[in-house]
Amino acid sequence: MKRLVLLLLLNVPAHAGDIVEHARSHPDGRAAFSFDTDAWKDTEATRHLPIGVFDSGIGGLTVLEALLTLDAFNNDTLQPGADGTPDFAQERFIYFGDQANMPYGNYSAVDRTDYLRELIVKDAVFLLGRRAWPKEGKEPHFKKPPVKAIVIACNTATAYGLEDLRKAVAAWRIPIIVVGVVEAGARGVLESKAEGGIGVLATVGTCASGAYPRTITQTLGLAGRTVPTIAQQGSATLAGAIEGDSAFPESVAAYALKEARALAEAYRKTEAAAPLQTIVLGCTHYPLAKAEIDTAFHTLRQDPAFRDLVAEKRTFVNPAEATAKELFRELAQARLRLKKGESSILPHDQFYLSVPRVEETGIQLADDGSLDRDYKYSRSPGLLDFEDTKNVPLTPDLIPAASARLVRERLPAVWKQLSR
Ligand code: DGL
């Protein structure tokens, strides 16, 4: 009863509330899914902590690339405008990809968004804590530093978990900034000033949540702009194919063409007069395949049935850059930014990836060693002393060859940090 009253007061749904309570009742951070709640007591020490970034896999590295390369502000005056120095030059990042549990975008189709929401809070708890696993070895260590801010570099996780996470941070009474990609993506649409219709390409889950149409409508509306027609297309395959997942055997180009066609068909149904012009890359993986996606729309236009539906020149919105700008502003406002001459407690960025914890009894694996698909999508929240995955250092050899090539070629700043 006491717990129910507490959850009602916090306005956190029970499944996310379980983990909020669990973390609160293990304040030394030694237990699974907990963190040292005293880690942010000293504000000056907090400023020197790294920034956490998480995604369901490696797609969020596109957001990390934007964070590493952003130069949209003067680092001394904090005014907009490039000054030749990356805006986060003094900061260090901890990246986490929950690859063992991805695709996040497919949980809604099997009615498991409650479990997804728990996974999202668990991702944040990992970044907040010191507990991580060595690549080899059966015991966790406590050497990972906590973070001072969390970037949800995953559209699906933002759509389903941003509010939970902000409420959790308030319930834990910790001074952590939480930034998500969807609001930033909507601001990217506003800043693009493109005319014509808007198409959102995202996961099935993100589209089912309605987060993009809702947020774009609010953002344009608040800015006094007429809201154009918005259509969306949720893909269950494209992110996995970009990730190099063997469950998606066709080429990225082939999946991209299917999604472009489906989006155009959805747009046709709206009977909007203007062609589809702004394409929101509403899944973190898609900027990695922007070339293939643009080619797909180009190919589509060769077909007379689609010529008037799709604009000749398309504007792509990658929410990553707008997310990086938002983080800069939030850190500056909270006076948590490191200034010139100051340094983070981390000499280099760190990378982690979840893998199945094969020694745990009861977990089911597929032939390639990943979590069995039926097992993965049938789990329920609330088992907080059971760890079927563990978060280990992410090294380039853990990334499938196809996606490693994309990261190397298209995310050079990330690749440099990852392969050091
Ligand atoms: N990172 C996810 C997103 O941005 C896509 C991949 C997934 O479904 O896990 O929505």
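A DSSP coil position with no more than 15 other Cβ atoms inside 10 Å describes the following GluC sites (Glu not before Pro) in the stretch 74-168: 136. Quick one: with all protein chains in place, what share of the accessible area of the chain is carbon or sulfur, to the nearest percent (1.4 Å probe)? With neighbouring chains kept in place, the figure for the chain is 52 percent. Taking a Cβ cut-off of under 15 Å around residue 83, the surrounding Lys, Arg, Asp and Glu residues balance to a net charge of +1, with basic ones at +1 and acidic ones at -1.
Take the stretch 141-190 with all the other protein chains still there, run a 1.4 Å probe, and you get 26 Å² of accessible area per residue. Remark: the residue 42-residue 25 segment gains 4.0 nm on full extension, using 0.36 nm per residue and subtracting the alpha carbon distance. Placing unit charges on the Cβ atoms of the charged side chains and taking the dipole of the stretch 61-123 about its Cα centre, the candidate lying farthest along the positive direction among 84, 96, 63 is 96. Filter the trypsin sites (Lys or Arg not before Pro) in the stretch 117-200 down to the DSSP loop ones having no more than 14 other Cβ atoms within 10 Å, then list what survives. Sparse-neighbourhood loop trypsin sites (Lys or Arg not before Pro): 135, 138, 143, 173, 193. Using modelled amide H (1.01 Å from N, peptide plane; none on Pro or chain starts), what sits under 5 Å from the amide H of residue 280, excluding residues fewer than 5 places away? Here 199, 200, 201, 317 satisfy the definition.
Rounded to the nearest 20, the Cβ-based charge dipole of the stretch 181-318 about its Cα centre (Lys and Arg +1, Asp and Glu -1) stands at 360 debye. Using only side-chain charges placed at the Cβ, +1 for Lys and Arg and -1 for Asp and Glu, the dipole size of the chain relative to its Cα centre rounds to 800 debye. Placing pseudo-labels 7 Å out from each Cα toward the beta carbon at residue 262 and residue 408 gives an inter-label distance of 3.1 nm.
Find out how many positive minus negative residues lie around residue 345, taking Lys and Arg as positive, Asp and Glu as negative, among other residues whose Cβ is under 14 Å from that of residue 345.
For residues surrounding residue 345, the net value is +1.
When the label point is put 7 Å from the Cα of residue 273 along its Cα-to-beta-carbon vector, which residues of the stretch 217-237 have a backbone N closer than 18 Å? Counting only backbone N, you get 226-230. Amide H to amide H, with H built 1.01 Å from N, residue 248 comes under 5 Å of no residue 5 or more places away or on another chain. Which of the GluC sites (Glu not before Pro) found in the stretch 221-259 are in a DSSP loop and have at most 13 neighbouring Cβ atoms, other than their own, within 10 Å? Sparse-neighbourhood loop GluC sites (Glu not before Pro): 250.
Rounded to the nearest whole Hz, the Karplus-based 3J(HN,Hα) values (6.51 cos²θ - 1.76 cosθ + 1.60, θ = phi - 60°) of the stretch 91-108 follow the sequence 7, 10, 10, 10, 9, 10, x, 8, 5, 5, 9, 7, x, 5, x, 9, 5, 5, with x at glycine and proline. Using alpha carbons only, how many angstrom separate the centre of the stretch 190-227 from the centre of the stretch 54-82? Using only Cα atoms, the two centres lie 22 Å from each other.
With the highest mean first, a sort of the peptides 389-396, 363-370 on other beta-carbon atoms found within 10 angstrom per residue produces 389-396, 363-370.
In this structure, the amide hydrogen of residue 94, modeled 1.01 Å from its nitrogen in the peptide plane, lies closer than 5 angstrom to those of 51, 52, 53, 350, counting only residues at least 5 positions away or on a different chain. When both bridge partners sit in the chain, DSSP labels roughly 20% of those beta bridges antiparallel.
The values are calculated or read from the model by the stated rules, or taken from the named source; none is laboratory data. The shown structure was predicted, so the numbers you read here are calculated from the model rather than taken from an experiment. Heads up, the Cβs are rebuilt from the backbone with ideal geometry, glycines too, and the neighbour counts pull from every protein chain shown. Calculation scope for accessible area: heavy atoms of the full protein, side chains included, ligands and nucleic acids excluded. Shrake-Rupley method; radii C 1.70, N 1.55, O 1.52, S 1.80 Å.
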